[in-house]
Amino acid sequence: MCQCSYQLQTVTAANIAAFTTVFCVTEPEEPNRHKRASMIIVPTNTPGCEIVRVVPTMDCEIRLTNVRVPKENLLGSRGEGFVIAQKKLGPGRIYHCMRWLGQAQRAFDLMCNRTLTRYAHGSLLSDKQMIQKFIADSATEIQSARLMTLEAARKIDRGEDARIDIAMIKVYGAKVLHDVIDRAIQVHGALGVTADTPLEKMYREARYARIYAGPDEVHTATIARRILRKYQQGDSWDPANF
Ligand SMILES: Cc1cc2nc3c(=O)[nH]c(=O)nc-3n(C[C@H](O)[C@H](O)[C@H](O)COP(=O)(O)OP(=O)(O)OC[C@H]3O[C@@H](n4cnc5c(N)ncnc54)[C@H](O)[C@@H]3O)c2cc1C
């Protein structure tokens, strides 16, 4: 039997999920910090598992109080939670990046179409150089994010260590998504901040991307630490082989 209590946590779709996975410290005395946590399946109808509220425009707050589940609900072995989390979170982050590319492309399409139909101050928006720069910058950034995502996915497929590639694309992909939607809104003027186009909702959701699956700062620190470690060892940064 496993028993745990847990503070409030933002969990996507917890109100409609049959179970949630809890990542918690079960081996606090273990000297290796990567072997202190375990991963446990908790059915959402277990006594003590409470959906506190569905947060408007976000996800759910959930509280676990003295929740008991059979020991068979332990995923893998005790202390293996970190390894399981790394295996799950890497591909999960790539999946976010792929979704973001689709969203960025949608915003880009809306932006381009708007510039070809909106006539303002003597010309179509598409004839104005500053608006052309929005389009060129957005296309360049989407393509960069696409290639970085593909490269990270290829490394995962080849069984190579893609941790830094994933951290980079998690940070850069979220920024590209935000910036492209931001320009698309700008090109739509006041219309862009109404609910008459999908852009306003896309913009709000793009902002979450810099926080969930690890905030920007955490991934950025991981990238820098890993690169600096190479230099401390007398090596240098080789983008093809971290
Ligand atoms: C829409 C959405 C859905 C989510 N879904 C889930 C889910 O399904 N399951 C789940 O478990 N969690 C989920 N989360 C939670 C998410 O993983 C956390 O919000 C995220 O890890 C940040 O933790 P926090 O909110 O406690 O912020 P904190 O840890 O309090 O961090 C706040 C800020 O402090 C700064 N910061 C934190 N650490 C560092 C650092 N090491 N160096 C420098 N700066 C730092 C960053 O700016 C960060 O944004 C979701 C969050 C959102 C917004």
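In summary, Pro28 fulfils each of the numbered conditions (1) open to solvent by 80 Å² or more (accessible area, probe 1.4 Å); (2) within 22 Å of the chain's Cα centre (by Cα); (3) not polar (S, T, N, Q) with the single exception of condition (2). In region 10-30, the residues that are within 11 Å of the ligand (Cβ to nearest atom) form Cβ pairs under 6 Å with partners that are open to solvent by 60 Å² or more (accessible area, probe 1.4 Å), at six or more places apart or across chains, as follows: Ala14/Ile51. Tell me whether region 200-216 contains one or more residues that are over 27 Å from Pro91 (Cα atoms), in a loop (DSSP other than H, G, I, E, B), more than 16 Å from the ligand (Cβ to nearest atom) and open to solvent by 50 Å² or more (accessible area, probe 1.4 Å). Scanning region 200-216 turns up no residue that is over 27 Å from Pro91 (Cα atoms), in a loop (DSSP other than H, G, I, E, B), more than 16 Å from the ligand (Cβ to nearest atom) and open to solvent by 50 Å² or more (accessible area, probe 1.4 Å).
Residues that are within 12 Å of the ligand (Cβ to nearest atom) and outside the structural domain of Glu205 (by TED's automatic domain parsing) do not occur anywhere in region 67-83.
Looking at Thr197, Thr220, can you tell me which residue is farther than 12 Å from His96 by Cβ, modelled with pLDDT of 95 or more, within 16 Å of the ligand (Cβ to nearest atom) and among the polar types (S, T, N, Q)? Step through it out loud before you land on a result.
Values: Thr197 fails: within 16 Å of the ligand (Cβ to nearest atom).
Answer to the check: Thr220.
Just to verify a result, which residue in region 97-107, among those that are open to solvent by 40 Å² or more (accessible area, probe 1.4 Å) and in contact (Cβ under 8 Å) with a residue 12 or more places away in the chain, is nearest to the chain's Cα centre (by Cα)?
First, pick out the residues of region 97-107 that are open to solvent by 40 Å² or more (accessible area, probe 1.4 Å): 98-99, 102-103, 105-106.
Checking which are in contact (Cβ under 8 Å) with a residue 12 or more places away in the chain leaves us with 98, 103, 105-106.
Working: Met98: 10, Gln103: 13, Gln105: 17, Arg106: 18 Å.
If we take residues in region 97-107 being open to solvent by 40 Å² or more (accessible area, probe 1.4 Å) and in contact (Cβ under 8 Å) with a residue 12 or more places away in the chain, then Met98 is nearest to the chain's Cα centre (by Cα).
The values are calculated or read from the model by the stated rules, or taken from the named source; none is laboratory data. What you are looking at is a predicted structure, and each value in this text was computed from that prediction instead of being measured. Ideal geometry is used to build each Cβ from the backbone, glycine not excepted, and the neighbour counts take in all protein chains shown. These accessible areas exclude ligands, DNA and RNA; they are computed on the full protein's heavy atoms, side chains included. Shrake-Rupley method; radii C 1.70, N 1.55, O 1.52, S 1.80 Å.
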